[in-house]
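The values are calculated or read from the model by the stated rules, or taken from the named source; none is laboratory data. Please read all numbers here as calculations on a predicted model, not as lab measurements. Reconstructed Cβ throughout: ideal geometry from the backbone, glycine too, with neighbour counts over all protein chains shown. Areas reflect the complete protein model, heavy atoms only, side chains present, ligands, DNA and RNA absent. Shrake-Rupley method; radii C 1.70, N 1.55, O 1.52, S 1.80 Å.
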Amino acid sequence: MTGVAADLTALRRLLGTLSRDELLIVAERALEMVPNAELPSLLGNLVQVEGSVEAPPRASTLLEEARVFHAISMSGGFYDSFDVNARNCTQQSGGTGAFTAKFDRLIARCVREADTRPHQTVCEALEILFGLLRHIDEGRDDVIFFADEGGSWNLGVDWPRALPAYFRCLAETTTAEEFTRTVDQVITDFVEHDRGRYLSEAWRVATAAQQASLSALAAAKK
């Protein structure tokens, strides 16, 4: 936020233009920010808040949540297909929308915890999430359903936030060669169209040895 008061009327109008899938992402983000005691006010009569807000269950660690999400995804927990026709070929199924919203929330949690948690743990959680995207991009129709040709590029991953956090954690936990190899692979897999930008992000957080290794990679690719 910039400190400037939001125009709530304009925001409500803009929210009215969002798709169901985009609103799911907004809802997931809101749940991360609202204190438990305020959930009944937020959800009103739309969702029954179970249990006592005074004694919430133990929160899962980042790595636990990433592993559970991966397991549910790989077992088809979000796979939700429908008969495709000319009218619905641009739509997403409910399961795909739910996967996208939960993936977005986990990426945001990784970015936050990159500032407060062990970097090795954040790296591992992000790599679990990236593994799901690679599985989807292999064309395997078993995690989420696309009515038309699809892949991780359809999910709107917040790479400008995710990758700088990932590179920062990676720089703290890997050798120069491993850092360069991993940075190159993730750029190739997900953001090749903007390679220069993300190499610069990696360079900014790298050690001197890692910077030298990145320079050698850039020279080799010319």
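The table that follows gives values for the structure above.
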{"quantity": "Accessible area in the full protein assembly, largest first, 1.4 Å probe, for 79, 166", "calculated": "79, 166"}
{"quantity": "Cβ-defined net charge surrounding residue 122, 10 Å radius [Lys, Arg +1; Asp, Glu -1]", "calculated": "-1"}
{"quantity": "Fully extended contour minus Cα-Cα distance, from residue 204 to residue 185, at 0.36 nm per residue", "calculated": "5.1 nm"}
{"quantity": "Over region 105-222, relative contact order from alpha-carbon pairs under 8 Å, at least 6 apart, %", "calculated": "27"}
{"quantity": "Cβ-based net charge around residue 178, under 13 Å, with every Lys or Arg adding one and every Asp or Glu removing one", "calculated": "-3"}
{"quantity": "Neighbourhood charge, 15 Å Cβ-Cβ cut-off, centred on residue 208 and excluding it, Lys, Arg +1 and Asp, Glu -1", "calculated": "-1"}
{"quantity": "Dipole moment magnitude, nearest 20 debye, region 118-169 about Cα centre, only Lys, Arg, Asp, Glu C-beta charged", "calculated": "340"}
{"quantity": "Relative contact order, percent, region 165-222 [alpha-carbon distance under 8 Å, six or more residues apart]", "calculated": "46"}
{"quantity": "Solvent-accessible ranking of 194, 184, 141, largest area first, probe 1.4 Å", "calculated": "141, 194, 184"}
{"quantity": "Modelled FRET efficiency - R0 41 Å, residue 71 with residue 9, Cβ distances, 0.05 increments", "calculated": "0.40"}
